[in-house]
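The structure under discussion appears below in the form of structure tokens.
The values are calculated or read from the model by the stated rules, or taken from the named source; none is laboratory data. Worth saying up front: this structure is predicted, and the values here are computed from it rather than measured. Because the Cβ atoms are built from the backbone with ideal geometry, glycine has one as well, and the counts that use them run over all protein chains shown. With ligands, DNA and RNA removed, areas are computed over all heavy atoms of the protein, side chains included. Shrake-Rupley method; radii C 1.70, N 1.55, O 1.52, S 1.80 Å.
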Number of protein chains: 2
Amino acid sequence: CRRLATGGRTSDDILELCRRRCFLLGEKMTPASVLGGRHSLGPLGAQMKRNLIKEWWDAMVLHREQVLPIDSLCRLPGMSNPSPGPPPKTLSKACLERLQNQSPTQEELEKMADLRQDLLNGALYYYPSCLELLNRKLPFGITEVGRCFHPISDNEDPDTCRVGERTAASLVWFSSAKTCAQWRDYWLRQRLLWWRKFAQVPSRFSSGDHPDEDGMKTSLIQYDFPWGKEPIERLGILDDSALTQMHHGPIAHLHGRDGRKSAIPHVVWMSSDVEGGLLAYLCDALQVMKNAAPRGKEQRRAVLKIHPSLAPVILAVDLGKGPAADLRLVCQGLCTELRGRGIAVWPGYLETLHTPMEQLFTRYDEMGVLFTALVSDVTLESGLLQLRSRDTTIKETVHVSKLSAFLTQHMAAAAKL
Amino acid sequence: CRRLATGGRTSDDILELCRRRCFLLGEKMTPASVLGGRHSLGPLGAQMKRNLIKEWWDAMVLHREQVLPIDSLCRLPGMSNPSPGPPPKTLSKACLERLQNQSPTQEELEKMADLRQDLLNGALYYYPSCLELLNRKLPFGITEVGRCFHPISDNEDPDTCRVGERTAASLVWFSSAKTCAQWRDYWLRQRLLWWRKFAQVPSRFSSGDHPDEDGMKTSLIQYDFPWGKEPIERLGILDDSALTQMHHGPIAHLHGRDGRKSAIPHVVWMSSDVEGGLLAYLCDALQVMKNAAPRGKEQRRAVLKIHPSLAPVILAVDLGKGPAADLRLVCQGLCTELRGRGIAVWPGYLETLHTPMEQLFTRYDEMGVLFTALVSDVTLESGLLQLRSRDTTIKETVHVSKLSAFLTQHMAAAAKL
């Protein structure tokens, strides 16, 4: 076996695999249509996205002091998108222009129907309430994960414009002007480490600066897709005008305490594209092996080596040889126990049509299933089952009563690396 | 102490509390504006919503066989809202009419900009892909949690119409025509049990039938709010026309296998209003006590007795008497350990302004914080801290090393009830 170099084909490989195994849904998948947010996620994609958001939440909310989550409306009261012309001096300009190479037209803005394009405004809008809750103490952050919308100009049909959707995971960090640049460096390093944590090839995630026309420095975290580098997260600084422009009237209620000083904070804003990150991890996970078959025929085997913390299915449970009805009962009990421990199980044993074993393994490898348990007549006699690993393709013999502990340990070890 | 009867005031009580403690954000809160989806969620509301969705997901996806999650676009390709006139014969008609007592006008539909009003269409649209993934085996379900939009006619200003937003948690269950009614009864019972599981007063959640004009039977799960009963979940049956109307052309790819028969399935559809459920649990949790004070003054104490599985904060950690700098280090270590076990902690010890103890407890009771740990100079000497319970108001002495196990056990016990 040898691994294929990332060539021109891999871009088709990954999208074809995502379509075949229902990570993504819909017709005519291209890198642009996927990153442009024009596809729904199928069962495996939805589960993997959920795992990715959980990891983000754990790292950014649960394990942090002074980060408050909010859940804001897609259309905030009293806010509408800018009229055509120069958009306000926020990061979304850079984001928008990168997507469009132009400012949105009147028609595009109408189509957007005042839907939010990012999560920055929500955080700025609700800053006073959150500040109050923390007794006005700086620094702190407001975080949100939610659907955002952006206009897409269709190249094939320039007269219609569509709306793309993406899930953004955003942290807006408020700190004193003096410490703002340090915080920016801190967060950029943290975020890059986080992205790399779940990667097979961490070096494909990199950070770089992206100078703006206005001289505003935006940092990008990029992934090296088979078709080139694409940003999956942006990070930038805004001064205190971000808050004063949003909140008119007296500014005393915007002041936060940093030590003994009281001032309007500056802002470090970072925003990830969750579906973009998902596609990055899928590309990162794909390995295509070539086997030299005896008669000179080449066989290609695709495996999605998704990190255990993100994998949509941890264990598939299937039937080996033996009395199907009895074996199904064993499988059912096993699955119930594992689900009780929060382990995602694929109930292959419910299938009534017979599939050859090798075909099953091929399917599960393409689904990124970490382990496959085969329950057979041996299990009925001695309690032993075959456990096949996605990453090593080795089959081990494990006792039914030990399986749950084995999987829990395997996942805990992977999460710690 | 005695508990107040649910009177006319409690409706103001709960909304005032939600505003004061940032469960909900925004101005002019009324039952209608909250249930109509015109408020964002603040830090405590967002965390509690996340917990509620996790419980829903565990019950409906993780612990079930044959339920597939998807994550669909808010605007599906090739779909737009109906033109004014009779809407199609789906449940959303009943939902819409209940909200509006009228069909949406042209202007309202334009405002909606083709945004989805429910999650049914997404599930029907992607049914063929999911069926394929399960080897065409019935019954199975497609589930999704996502933002939906609905037009609101403003009573104060009839010329403007706004868009309300709500998060729906939907399960679309496909089964053979013969078993459909049984499944409907099964799911209605399951859902009612689920809602009651986290309630202080389970009987306030009830189910009832809601006959439609067209003779279509819709079941509702309602909560008895202080201002009257409101539906928080709807459940109904659709026949095979649901799928054939959505997918034109040959119908062979819609056929699923049920035992030896092959047919187009009927549909049981249930959809919860997540924010409505959140408000129901907040109303359910609120207890207002009156203390007869010595000089005849009455004191009112509000406690949010939120179920441990849903509570946004499990433990607040604060400073008692002693050297603040040393105590903060102890607090920090304690919080890190607890967060590592997935326990949500409120870092009260970071506060540099002194707050009297009783005032702290009042604040935490209103936030629904389950326990408060007080770290003091005694802790430095002997490792013992004071642990104050929200529900009993009793202070226990617990050793630092035992706290994490105590909380984990307490939550596991509550989850099992």
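Taken together, the residues in the stretch B:52-66 that are within 9 Å of chain A (Cβ to nearest Cβ) and buried (at least 21 other Cβ atoms within 10 Å of the Cβ) amount to 1. Among residues that are within 13 Å of A:G276 (Cα to Cα) and either open to solvent by 10 Å² or more (accessible area, probe 1.4 Å) or of a type in the set (A, V, I, L, M) (or both), A:K49 is included. Taken together, the residues in the stretch A:273-304 that are open to solvent by 30 Å² or more (accessible area, probe 1.4 Å) and at pLDDT 95 or above amount to 1. Put simply, of A:R184, A:R260, A:R196 the only residue that is over 30 Å from A:G368 (Cβ atoms) and open to solvent by 60 Å² or more (accessible area, probe 1.4 Å) is A:R260. Which pairs have Cβ atoms under 9 Å, sit 6 or more apart or on different chains, and link a residue in the stretch A:370-388 that is at positive phi to one that is open to solvent by less than 60 Å² (accessible area, probe 1.4 Å)? Here the result reads A:G383/A:V400, each pair linking the stretch A:370-388 to a residue that is open to solvent by less than 60 Å² (accessible area, probe 1.4 Å).
Selection over the stretch B:347-359 of residues that are open to solvent by less than 40 Å² (accessible area, probe 1.4 Å) and either polar (S, T, N, Q) or modelled with pLDDT of 95 or more (or both) gives a count of 1.
Of the numbered criteria (1) over 29 Å from the mean Cα position of the chain (by Cα); (2) open to solvent by 10 Å² or more (accessible area, probe 1.4 Å), the one B:L334 fails is (2). Taking each residue of the stretch B:232-259 that is in contact (Cβ under 8 Å) with a residue 60 or more places away in the chain and looking for partners that are in a strand (DSSP E or B) and of a type in the set (D, E, K, R) with beta-carbon atoms closer than 9 Å, six or more apart or interchain, yields B:R234/B:D273; B:G236/B:K217; B:G256/B:K137; B:R257/B:K137; B:D258/B:K137.
Note on the stretch A:114-142: residues that are closer than 21 Å to B:G146 by Cβ and within 9 Å of another protein chain (Cβ to nearest Cβ) total 3. Taking each residue of the stretch A:17-33 that is away from every other protein chain (no Cβ under 12 Å) and open to solvent by 10 Å² or more (accessible area, probe 1.4 Å) and looking for partners that are in a loop (DSSP other than H, G, I, E, B) and at pLDDT 90 or above with beta-carbon atoms closer than 6 Å, six or more apart or interchain, yields A:P31/A:W227.
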